[in-house]
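Working notes for the structure below.
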Amino acid sequence: MIHVAEHAPEYVFLHAGVVAWEDRALLLPGQSHAGKSTLVAELVRAGATYYSDEFALLDSEGKVHPFTRDIRMRRPGAPDQVPLPLAQLDGRAGTNPLPISMVVFTEFTDSAEWAPQAVTPGQAVLELLLHSTPVQRTPARTLATLSAMVRNARAWRSQRGEAAGAARSLLAALATGGQPV
């Protein structure tokens, strides 16, 4: 999969989860074990449309395309992943490319308090570069794609505890276009 991500001519692959609420996409970049899949599953359970829990595929305009497959969940204390079919969440998969409305840098930490702080577009692009697969092979294309993506997106950062509270906050913010609280 990494080979495909590095050599895809039409997309920039980001290590990120993605869901949508109506026509607004939420991008959740993060390293492995950050809790992306858990938060994506909670968002889908709450009614969001599933796009991906592993890779966000961005076109040159900065729109995200679906990369749907079973959500891969880790069992507590185990490194392996088990598939969680979308049907078990009563979820639905996205089918159309969407602009990113919100980028949220978050990871699970026991007893963390959800307190989103704004991130500037420049800071967001710099951090997104850390999660982009093809940046070393095609840095100019990757930077142009990320810049196009954040042009109309707002970015936030916060650690989080359990996924349910963050999911409610994020869906409310997507629905209104406001700040997650």
- Within the stretch 50-77, track down each residue that is part of a loop (DSSP other than H, G, I, E, B), free of Cβ contacts under 8 Å to residues at least 60 places away in the same chain and open to solvent by less than 20 Å² (accessible area, probe 1.4 Å). 53
- Message: Can you say whether residue 93 is modelled with pLDDT under 95, closer than 30 Å to residue 10 by Cα and surrounded by fewer than 18 Cβ atoms within 10 Å (Cβ to Cβ), as far as the supplied structure shows?
- Response: no
- Message: Just to verify a result, which residue in the stretch 78-98, among those that are without any contact (Cβ under 8 Å) to a residue 60 or more places away in the chain and of a type in the set (A, V, I, L, M), is nearest to residue 121 (Cα to Cα)?
- Response: 93
- Query: Is it the case that residue 98 is modelled with pLDDT under 95, within 23 Å of residue 21 (Cβ to Cβ) and buried (at least 18 other Cβ atoms within 10 Å of the Cβ)?
  - Reply: no
- Answer yes or no as to whether residue 123 is out of contact with any helix residue (DSSP H, G or I) (no Cβ under 9 Å at 6 or more places or on another chain), part of a strand (DSSP E or B) and either on the phi > 0 side of the Ramachandran plot or open to solvent by 20 Å² or more (accessible area, probe 1.4 Å) (or both). no
- Message: residue 87 - would you say it is hydrophobic (A, V, I, L, M, F, W, C), at pLDDT 95 or above and farther than 19 Å from residue 36 by Cβ?
- Response: no
- What residue, of 140, 175, 167, 115, is aliphatic (A, V, I, L, M), open to solvent by 10 Å² or more (accessible area, probe 1.4 Å) and under 15 Å from residue 44 (Cα atoms)? 175
- Unique residue being in contact with a Leu (Cβ under 9 Å, 6 or more places away or on another chain), within 19 Å of residue 14 (Cβ to Cβ) and in a helix (DSSP H, G or I) when the list is 148, 140, 144: 148
- Message: Take residue 145 and tell me if it is closer than 15 Å to residue 34 by Cβ, under 17 Å from the mean Cα position of the chain (by Cα) and either modelled with pLDDT under 95 or open to solvent by less than 40 Å² (accessible area, probe 1.4 Å) (or both).
- Response: no
- Message: residue 178 - would you say it is under 16 Å from the mean Cα position of the chain (by Cα) and small (Gly, Ala, Ser)?
- Response: no
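If the requirement is being of a type outside the set (A, V, I, L, M), under 14 Å from residue 17 (Cα atoms) and in contact (Cβ under 8 Å) with a residue 40 or more places away in the chain, which of these qualifies: 132, 169, 111, 158?
On the way: 169 fails: under 14 Å from residue 17 (Cα atoms); 111 fails: under 14 Å from residue 17 (Cα atoms); 158 fails: under 14 Å from residue 17 (Cα atoms).
So the residue among 132, 169, 111, 158 that is of a type outside the set (A, V, I, L, M), under 14 Å from residue 17 (Cα atoms) and in contact (Cβ under 8 Å) with a residue 40 or more places away in the chain is 132.
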- Item | In the stretch 78-116, the residues that are aromatic (Phe, Trp, Tyr) and part of a loop (DSSP other than H, G, I, E, B) | 114
- Query: From the set of residues in the stretch 5-49 that are open to solvent by 10 Å² or more (accessible area, probe 1.4 Å), in a loop (DSSP other than H, G, I, E, B) and at pLDDT 95 or above, which is farthest from residue 160 (Cα to Cα)?
  - Reply: 47
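The values are calculated or read from the model by the stated rules, or taken from the named source; none is laboratory data. Every value quoted in this text rests on a predicted model; they were computed, and no experiment measured them. All Cβ positions, even for glycine, are placed from backbone atoms using ideal geometry, and neighbour counts span all protein chains on display. Ligands, DNA and RNA are stripped out before the accessible areas are found, and what is left, the full protein with its side chains, is counted by its heavy atoms. Shrake-Rupley method; radii C 1.70, N 1.55, O 1.52, S 1.80 Å.
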